[in-house]
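Read through the structure below, which is laid out as structure tokens, and then see the notes.
The values are calculated or read from the model by the stated rules, or taken from the named source; none is laboratory data. This is a predicted model, so every value here is computed, not measured. Please note: Cβ atoms are built from the backbone with ideal geometry, for glycine as well, and neighbour counts cover all protein chains shown. Quick note on the areas: whole protein, heavy atoms, side chains included, nothing else; ligands and nucleic acids left out. Shrake-Rupley method; radii C 1.70, N 1.55, O 1.52, S 1.80 Å.
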Amino acid sequence: MFERMREDIDVAFQNDPAARSKFEVLLCYPGIHALWLHRISHSLWKRGWITLSRFISHINRFLTGVEIHPAAQIGRGVFIDHGMGVVIGETAIIGDGCLIYKGVVLGGTTIEKVKRHPNLGQKVVVGSNACILGNITIGDYARIGSGSVVTKDVPPHATVVGVPGRIIKQRKKDEQEAMLDHGQLPDPVAEAIMVVLKENCKLKQRIIKLENTLNLSSEEPCNVTETESEVLTMFMKNYKDGDGI
């Protein structure tokens with residue numbers, strides 16, 4: 001038991017740059033306190049002490065802000081950073097070394113008493129306020145972006161962002177693993193609109209060339225590179241500033 005506790009403290013200390021000492025982690029990190037209380041409730045659940053295990057889970061939620069069903073299976077080296085608002089459902093399975101940020105929900109999509117919660121592989125990173133719903137599998141080393149809603153299986157080494165979640169990158173197995181950069185997540189919608197703008201600019205150039213060939217217009221052909229640059233720069237600036245397209 002004490003070996004597991006030391007392991008939890010070491011993992012939290014390694015994953016949180018705000019931690020100044022392991023003693024601080026021991027006293028002030030609700031994420032690891034939630035895991036310790038969950039192990040007690042999970043042990044009681046397996047022994048058939050259903051009500052007592054649920055009560056300890058309820059106390060765990062009150063003290064830490066993390067709601068973990070006693071039946072949920074959580075591997076070694078898991079770190080719940082901050083923890084407030086995290087919900088882990090009854091049939092959820094979390095693999096070794098996963099990193100879960102605040103507000104994450106591992107929820108179900110049915111009221112039937114079946115396997116209805118996600119399976120997280122090893123070393124999965126789930127960003128703040130992400131929702132992973134249903135009996136799906138998130139592959140090893142996958143990255144789920146902040147605020148994403150995932151309802152389908154995710155292959156190993158993939159990065160998913162958006163609502164609904166879209167795979168925007170899939171690393172090779174031998175590619176160096178990187179933690180999820182919450183400040184640099186790509187936007188699939190913005191990228192799709194950028195593609196449309198590029199194609200629109202190409203079409204305009206072709207129309208101008210056709211008009212010049214048929215002597216229907218005296219306009220000079222546009223500089224596609226400059227037009228693309230101006231349009232895309234303006235679009236991305238407005239999009240990032242929240243001013244709309």
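Count, please, the residues in the range 1-21 that happen to be loosely packed, with under 13 Cβ neighbours inside 10 Å, in a helix (DSSP H, G or I) and under 23 Å from the mean Cα position of the chain (by Cα).
Residues meeting the conditions: 1.
Does R116 satisfy the condition of being closer than 23 Å to I9 by Cβ and open to solvent by 20 Å² or more (accessible area, probe 1.4 Å)? So that I can check it myself, show each step before the final result.
Working: closer than 23 Å to I9 by Cβ: no; open to solvent by 20 Å² or more (accessible area, probe 1.4 Å): yes.
Spelling it out, it is not the case that R116 is closer than 23 Å to I9 by Cβ and open to solvent by 20 Å² or more (accessible area, probe 1.4 Å).
Could you run through the range 22-57 and say how many residues are of a type in the set (D, E) and outside any helix (DSSP H, G or I)?
Step one: of the range 22-57, the residues of a type in the set (D, E) are 24.
If we keep only those that are outside any helix (DSSP H, G or I) too, we end up with none.
Here the count works out to 0.
Six or more apart or on different chains, Cβ atoms under 9 Å: show the pairs whose first residue is in the range 75-87 and under 22 Å from R116 (Cα atoms) and whose second is of a type in the set (F, W, Y).
I80/Y29; I80/Y101; V86/Y101
Tell me, please, whether a residue that is within 26 Å of N135 (Cβ to Cβ) and either hydrophobic (A, V, I, L, M, F, W, C) or in contact with a Pro (Cβ under 8 Å, 6 or more places away or on another chain) (or both) can be found in the range 14-36. Working first, answer last.
Initially, the range 14-36 is screened for residues within 26 Å of N135 (Cβ to Cβ), giving 31, 34-35.
Next, from what is left, pick out any that are either hydrophobic (A, V, I, L, M, F, W, C) or in contact with a Pro (Cβ under 8 Å, 6 or more places away or on another chain) (or both): 34-35.
Among the residues of the range 14-36, at least one is within 26 Å of N135 (Cβ to Cβ) and either hydrophobic (A, V, I, L, M, F, W, C) or in contact with a Pro (Cβ under 8 Å, 6 or more places away or on another chain) (or both), which makes the answer yes.
Kindly provide the set of residues from the range 45-101 that are of a type in the set (D, E, K, R) and either open to solvent by less than 60 Å² (accessible area, probe 1.4 Å) or closer than 23 Å to Q14 by Cα (or both), ordered by number. Steps first, answer last, please.
Within the range 45-101, the first condition is being of a type in the set (D, E, K, R), and the residues that meet it are 46-47, 54, 61, 67, 76, 81, 90, 96.
Scanning the range 45-101 gives R76, D81, E90, D96.
Run down L63, L99 and say which single residue is more than 15 Å from M5 (Cβ to Cβ), at pLDDT below 95 and in contact with an Asp or Glu (Cβ under 9 Å, 6 or more places away or on another chain).
Numbers: L63 fails: in contact with an Asp or Glu (Cβ under 9 Å, 6 or more places away or on another chain).
Sole residue among the options that is more than 15 Å from M5 (Cβ to Cβ), at pLDDT below 95 and in contact with an Asp or Glu (Cβ under 9 Å, 6 or more places away or on another chain): L99.
Please verify whether T91 is modelled with pLDDT of 90 or more and not in a helix (DSSP H, G or I), treating the condition exactly as stated.
On the way: modelled with pLDDT of 90 or more: yes; not in a helix (DSSP H, G or I): yes.
Taking the combined requirement at face value, the residue satisfies it.
So is H33 surrounded by fewer than 20 Cβ atoms within 10 Å (Cβ to Cβ) and of a type outside the set (S, T, Y) or not?
The answer is yes for H33.
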